[in-house]
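Here the structure is laid out as structure tokens; the discussion comes afterwards.
Every number in this text was worked out from the coordinates using simple rules, so none of it is lab data. In this text, all values refer to a predicted model and were calculated from it rather than measured experimentally. Note: ideal-geometry Cβ built from the backbone for every residue, glycine included; neighbour counts use all protein chains shown.
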Amino acid sequence: MSRRRWPAAGCALVTAVAAIAVATPAQAANPIITSIYTADPAPLVVGDTMYIYAGRDEAPTGATNFQMREWHVLSSTDAATWTHHGAKATIATFGWAGADAWASEVEPRNGKYYWYTSVNGNGAGWMNIGVAVGDSPLGPFTDAKGGPLISDSTANSSGLNIDPTVFVDDDGQAYMYWGGYWAPRAVRLASNMIDTVGSVVTPTGLTNYWEAPWMFKRNGLYYMMYAANDTNGCVTNSNYACQRYATATNPMGPWTHRGIVLGQVSSTTNHAGIVEFNGQWYIVYHNANAPGGGNFRRSVAVDRLYFNADGTIQQVVQTTSGPPPNPGGGGGSGTNLGPSATASTSYVSAWENLSAINNGGTPANSQDRSNLAYGNWPQQGTQWIEYQWPAAKSINKSSVYWFDDNQGIDLPASCQLQYWNGSQYVAVTGQSTCGAAGNVENVVTFNPVNTTRLRLQITSRSGYSTGVLEWKAFQS
Ligand code: FUB
């Protein structure tokens with residue numbers, strides 16, 4: 001098998017890389033860490049924390065190939081400020097491996113955390129998929145299998161066995177996708193997460209697939225993001241890559257190509273993961289933007305990601321500022337039930353969007369128009385927005401981010417949360433102040449209600465209408 005050839009690294013500045021700082025807060029900007037070079041990020045949300053698992057680039061300036069021996073972990077409780085926990089797995093974690101700590105991903109199951117890695121074995125062939133296991137997101141991790149899960153000798157394996165993405169469906173069935181050199185592969189995993197079940201298959205519909213798959217599910221639809229390097233709208237030069245995505249109604253496909261999630265980045269490789277955290281979707285990816293960075297000296301970045309009302313994904317805006325802090329509704333945890341609800345309202349302006357209120361996200365400010373807005377101009381007085389679920393939900397907290405366009409829509413005079421008690425709407429009891437502040441999530445707590453419908457009644461200031469950028473309802 002021929003080995004992958006990577007384009008030469010760009011002419012990088014010589015910058016000494018600082019020693020690894022363990023468990024120290026990193027900067028709130030992109031790239032999210034510059035004390036070392038990091039690549040191939042894979043996000044995971046556990047409770048109120050987002051973790052990022054990433055490889056470490058150790059190639060010197062001017063190198064023309066990867067030097068990667070460690071996998072590191074970062075964490076954040078607001079997606080803006082990151083703590084670096086150091087290397088939590090290395091080549092030495094796998095006694096049968098000798099080099100190339102390439103892309104990895106962690107998947108939790110039954111209280112354990114399975115870390116799937118791309119790594120070069122000492123035997124025949126090149127890259128393999130290994131799997132380590134730990135009892136916490138930070139490990140310690142040990143080899144779970146004592147040998148590769150996938151190797152060049154696996155029947156119908158990829159031309160390059162790298163870049164595993166593992167997904168456990170609601171029915172408990174686990175799936176693994178992986179592969180490079182334009183050769184995606186998929187296989188079912190046993191419930192022990194360290195054995196394959198059945199044949200390795202070649203998924204269809206992943207148009208222009210190159211490498212780096214990332215699988216997730218949203219509203220019952222399966223999404224596969226992956227790196228492509230075609231010049232048909234993806235990149236200007238096929239040494240680079242973008243992230244395309246496809247959707248399917250079955251985790252094994254067939255897939256339907258949908259478009260580009262992330263355009264070309266400043267490094268030749270493009271590797272990303274998508275996750276929902278505190279009601280906002282994020283993409284984590286790498287680029288060459290850190291001081292002294294290059295194609296083999298990459299750095300992890302985080303940006304917000306948005307879905308359209310029809311489930312398609314808006315192309316990511318790459319920023320140097322990174323996302324604003326998102327500590328969640330009131331700084332607490334809990335599942336936001338808004339995205340799974342059907343929204344209705346007493347009135348929405350024809351040019352605004354009711355879907356804005358539950359399409360996920362935490363706005364940057366009350367004038368943020370980047371992710372749709374709900375407004376009820378020219379109505380004044382009391383209007384309402386409502387969520388309805390097919391089955392009753394237990395809810396005890398809500399947050400609302402008001403829209404203020406500095407024109408006809410202003411912050412409200414007051415608001416009240418109500419729930420459907422089976423025959424009518426009544427105010428929730430034990431309700432804290434329904435806040436009317438701009439530029440923040442106004443959190444309301446109340447005694448838990450078990451209901452299929454929650455309503456936010458909004459009363460305008462005199463002479464104005466009202467609007468909402470995001471309304472969250474938290475499961476108690
Ligand atoms: O970091 C090494 C390799 O580069 C990864 O496995 C690929 O996805 C690409 O990012």
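Which three extents, in angstrom, do the Cα atoms of the chain have along their principal axes, listed largest first?
74, 48, 42
Take Gln379 and Ala364, extend 7 Å from each Cα along the Cα→Cβ direction, and tell me the distance between the two endpoints in nm.
Roughly 3.0 nm, to one decimal.
Please compute the Kirkwood hydrodynamic radius of the stretch 26-305 from all pairs of different C-alpha atoms, in Å with one decimal.
Taking every pair of different Cα atoms in the stretch 26-305, averaging 1/r and inverting gives 18.4 Å.
Along the stretch 140-150, what does the Karplus equation 6.51 cos²θ - 1.76 cosθ + 1.60 (θ = phi - 60°) give for ³J(HN,Hα), rounded to whole Hz, x for Gly and Pro?
For the stretch 140-150, the Karplus-derived couplings read x, 9, 10, 4, 8, 10, x, x, x, 7, 9 Hz, x marking Gly and Pro.
Between Asn237 and Thr61, what FRET efficiency follows from the Cβ-Cβ distance if R0 is 22 Å, with the result rounded to 0.05?
Details: r = 22 Å, r/R0 = 1.00.
It comes out at approximately 0.50.
On alpha carbon coordinates alone, what is the Rg over Rh value for the stretch 264-338, Rh being the Kirkwood radius? List each step's numbers first, then the result.
On the way: Rg = 14.4 Å, Rh = 13.9 Å.
Taking Rh as the inverse mean 1/r over Cα pairs, Rg/Rh reads 1.04.
If you count, for each residue, the other Cβ atoms within 10 Å and average over each peptide, how do 275-284, 400-409 line up from highest to lowest?
275-284, 400-409
Report the number of Lys pairs in the chain whose alpha-carbons are under 22 Å apart, with separation of 8 or more residues or on distinct chains.
Taking the Cα cut-off of 22 Å, the pair count is 8.
Compute the projected area of the convex hull of the Cα atoms of the stretch 338-475, averaged over all viewing directions, and report it in nm² to one decimal place.
Reported value for the Cα convex hull: 7.3 nm².
Say R0 is 56 Å: what FRET efficiency, to the nearest 0.05, do Ser35 and Asn353 get from their beta-carbon distance? Provide the component values of the computation, followed by the final result.
Details: r = 42 Å, r/R0 = 0.75.
So, using R0 = 56 Å, E works out to roughly 0.85.
Among the trypsin sites (Lys or Arg not before Pro) within the stretch 336-418, which fall in a DSSP loop and have no more than 16 other Cβ atoms within 10 Å of their own Cβ?
The qualifying sites are Arg369.
How high is the FRET efficiency between Thr142 and Asp310 when r is their beta carbon distance and R₀ equals 41 Å, given to the nearest 0.05?
0.40
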